[in-house]
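One structure below.
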Amino acid sequence: MALSMDKFKATFREEAFELLGKLEEHLLELEDQPLNGELINAAFRAIHTVKGSAAMFGFDAVSKFAHEMETALDLCRNGTLSITKDFIGLSLKGRDHLRKLLEFELEPPEDIVHDGESLLQRFIDFAGKAKVPAAPPKETLPKPTPKSVEMQTKTYRIAFTPAKGIFKNGTKVLNLIEELSKLGIADLFPRMSRLPKLEEMEPESCYIWWEVFLTAAVDENAIRDIFIFVEDLSELKIEVVAEGDDGETKRLGDILVERGDVSPGDITDALDSQKKLGEVLVENKVISAPQVESALVEQEHMKKLHDRSEMTASSIRVASEKLDSLVDLVGELVTLQARLAQTSLDIADPVLASVSEQFERLISQLRDNAMSIRMLPIGSTFNKYRRLVRDLSQELGKEVDLVTEGADTELDKTVIEKLGDPLVHIIRNSVDHGIELPDARERAGKPREGVIKLIAHHSGAYVLIIVSDDGKGLDREGIRAKAVERGLLAPGQDMTDQELYNVVFEPGFSTAKKVTNVSGRGVGMDVVKREIDSLGGSVQLSSEQNAGMSVTLKIPLTLAIIEGLLVHIGREYFVVPLSAVDGCIEIRSEELRGMGERRIISYRDEIVPFIRLRSFFDFDAASGGDGEYPEREPEIEQMVIASAQEYRVGLVVDQVLGNFQTVIKPLGRMYRDVDGLSGATILGDGTVALILDVNRLALIAQRGAGAKAAVAAAVGA
């Protein structure tokens with residue numbers, strides 16, 4: 001029984017932390033909209049729930065403190081107490097105190113108890129200031145601001161009839177159907193009325209057409225966009241059969257009449273029989289059996305949609321450890337599937353090959369589902385930065401507003417957890433160094449209140465997070481002077497703006513005149529760079545004098561399973577993250593040797609530095625003449641062009657083998673600091689392949705190219 005009670009207490013605390021997070025969010029919004037009745041009610045409900053649950057599980061200190069907060073918010077809800085900045089500040093401190101109390105199972109420390117008593121008295125004093133007005137004017141609450149109109153869910157009946165010769169131009173029809181299914185809830189029904197006799201069938205012709213019943217929050221144009229390149233070669237009919245997401249289960253006869261397959265009279269005649277409606281219509285040759293089957297699929301789709309809308313439990317709470325375990329197991333299955341595919345290839349058994357292909361499809365779906373479960377909206381991280389900006393701006397005597405966009409952008413929970421510290425440092429830097437004091441902003445012709453924007457959006461296999469402000473921007477000359485003082489730059493050394501801004505990421509670098517509680521010790525931006533690099537991402541700074549600064553973080557969606565490009569050098573295998581690959585080119589070894597120390601190549605009208613990985617990892621020395629590695633490179637080598645940060649880099653390998661689904665494994669302690677490597681994976685035959693750190697290799701290539709250019713210029717002079 002004691003164990004069960006402990007479990008319930010743990011669940012309560014977890015839910016209480018969530019409620020306190022929502023309370024903080026509501027209070028910060030109330031500071032901007034003090035007359036918003038919905039926000040006041042939401043804050044009241046959150047604290048009321050915490051109070052009641054705390055009393056139930058014996059957290060008496062939490063219940064007592066929450067009761068006074070609830071009393072004050074209730075007075076605000078009734079209009080007898082005004083919501084002021086002081087009240088919001090006190091409520092936020094009260095929320096922080098409740099969080100501290102929840103962290104202690106037994107008696108909290110004396111200092112926390114003392115702080116709680118002081119805060120409790122302040123809430124009682126606030127409640128004592130309440131006045132009962134005669135009758136609040138009708139205009140007390142502002143009119144609700146119009147919310148963004150969300151796309152209404154609709155159910156479509158889609159008939160897609162590909163042209164007979166559609167396969168001849170390389171179109172994969174099943175890929176189009178699969179992409180359509182991803183828009184929402186879909187049921188497919190293949191129609192085979194065009195199938196000829198076997199002896200008349202042409203293997204390269206398409207005879208099947210599809211009916212798709214799709215329920216999704218998209219418009220007709222989104223559906224047509226999927227078929228945009230084949231619509232001229234095909235017939236596409238789209239009809240809206242229902243609006244809203246609750247659906248309505250229709251009778252079979254109604255569906256057939258609505259589709260125009262039968263007349264109402266045919267239905268009346270068929271209903272006089274004791275047999276099923278569909279059977280009678282087929283027997284009387286009114287319609288064909290496939291038409292009835294198609295209508296039944298539509299009916300089942302609408303029934304499933306209706307049942308789904310009536311489900312009461314839309315989500316369940318699962319411990320994050322269980323999700324991590326699930327993804328680990330899926331990773332092992334992906335590795336096992338690779339072994340099965342390799343075995344199937346070696347044995348060349350058609351039955352085993354068929355099983356392997358089906359297994360691969362199922363594993364791919366399972367992988368996508370498991371990864372989607374771990375995806376969380378990044379808005380859950382954005383919310384806490386509003387409090388950070390509020391507290392910092394008050395401490396520094398500044399007026400700063402935080403604007404967020406793209407809060408519904410999803411990212412792997414592991415990545416979100418590691419983004420916490422970098423974003424804190426960037427935002428603190430913007431508030432302290434970027435945004436000017438109100439009077440200074442006024443003299444510069446700017447609004448007294450500065451704005452920091454926090455924006456997130458998807459970009460391929462990455463998420464871009466942009467933190468920008470409208471402050472004074474980076475002090476280019478100040479950075480240069482400090483860099484020269486610390487020996488990071490030579491006096492008079494010519495650098496581009498981007499190269500100069502990158503000095504900010506050096507450990508211990510700071511242009512602050514004095515050390516404060518907020519900044520000045522130079523331990524902020526180097527933490528950002530280190531953490532983002534560890535995620536396989538990149539950081540880029542841009543700035544305009546007196547107009548503000550922008551920091552762009554480019555973060556991979558997930559750190560568990562990625563698509564990679566498998567390459568090999570000698571007998572060793574490496575993986576290049578596919579999201580970073582721009583292209584591949586062939587180049588003769590003689591040409592590479594003829595370049596000498598000039599490690600650059602022209603690619604799409606751009607000069608790109610490259611690294612010969614055979615030399616970089618010292619493969620020639622590793623062979624030692626024992627035959628383990630070829631002593632000479634192949635006559636024709638291949639170069640993978642990859643994008644990293646703001647650079648491109650060429651990676652010269654012996655051969656590119658193709659795509660590979662990569663389960664990322666961490667390197668051991670001995671190899672963790674090896675330049676150019678970020679992890680490892682296991683191939684189908686059990687061989688270990690190393691994952692290349694494209695960011696690091698690009699930086700090494702850029703520095704190498706820059707150093708060689710400087711030497712060449714000096715020699716030429």
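Please treat every number below as a calculation from the coordinates, not as lab data. Nothing here was measured: the structure is a model prediction, and the numbers come from that model. Cβ sites come from the backbone with ideal geometry, for glycine too, and all protein chains shown count toward neighbours.
Let's see if you can work this out: charge +1 on each Lys and Arg Cβ, -1 on each Asp and Glu Cβ, no other charges. What is the dipole magnitude of the stretch 376-556 about its Cα centre, in debye to the nearest 20? Working shown, then result.
Values: 24 positive and 28 negative charges, 81 e Å.
In total the dipole reaches around 400 debye.
Rounded if a/c is under 1.5, else prolate if a/b beats b/c, else oblate: with a ≥ b ≥ c from the C-alpha gyration tensor eigenvalues square-rooted, which is the stretch 320-374? It would help to have the intermediate numbers written out before the result.
On the way: a/c = 4.80, a/b = 2.50, b/c = 1.92.
Prolate, since a/c reaches 1.5 and a/b exceeds b/c.
Is the C-alpha gyration tensor of the stretch 640-686 telling us rounded, prolate or oblate? Criteria: a/c under 1.5 is rounded; beyond that, a/b larger than b/c is prolate, otherwise oblate. Intermediate values should be presented prior to the final figure.
On the way: a/c = 2.02, a/b = 1.18, b/c = 1.71.
Here the stretch 640-686 falls in the oblate category.
Apply the Karplus curve 6.51 cos²θ - 1.76 cosθ + 1.60, θ = phi - 60°, to the phi angles in the stretch 82-96 and return the couplings in whole Hz, x for Gly and Pro.
Calculated HN-Hα couplings, in order: 7, 8, 10, 4, 5, 5, 4, x, 5, 5, 5, 5, x, 4, 4 Hz.
Counting other beta carbons within 10 Å of each residue's own, what order do 697, 402, 336 fall into, fewest first? Let's see the in-between values first.
On the way: 697 26, 402 23, 336 14.
Starting with the residue having the fewest Cβ neighbours, the order is 336, 402, 697.
For the residues 387, 571, what sequence is obtained by ranking on other C-beta atoms within 10 Å, fewest first? All intermediate terms of the calculation are to be shown ahead of the outcome.
Working: 387 17, 571 13.
By the 10 Å Cβ count, ascending: 571, 387.
Could you calculate the FRET efficiency of residue 475 with residue 317 from 1/(1 + (r/R0)^6), where r is the beta carbon distance between them and R0 is 45 Å, rounded to 0.05? If you can, show how the numbers build up before the last one.
Working: r = 49 Å, r/R0 = 1.08.
According to the calculation, E is roughly 0.40.
Under 5 Å between amide hydrogens, which residues at least 5 positions from residue 657 or on another chain qualify, with H placed 1.01 Å from N in the peptide plane?
566, 567, 568
What is the order of 82, 542, fewest Cβ neighbours within 10 Å to most? Show your work: numbers first, answer last.
Working: 82 13, 542 16.
Fewest to most other Cβ atoms nearby, the residues stand as 82, 542.
Of 22/154; 182/322; 100/529; 384/413; 22/413, which pairs sit farther than 24 Å apart, going by alpha carbon to alpha carbon? Don't jump to the answer; show the numbers that get you there.
Working: 22/154 32 Å; 182/322 26 Å; 100/529 32 Å; 384/413 16 Å; 22/413 19 Å.
Those over the limit are 22/154; 182/322; 100/529.
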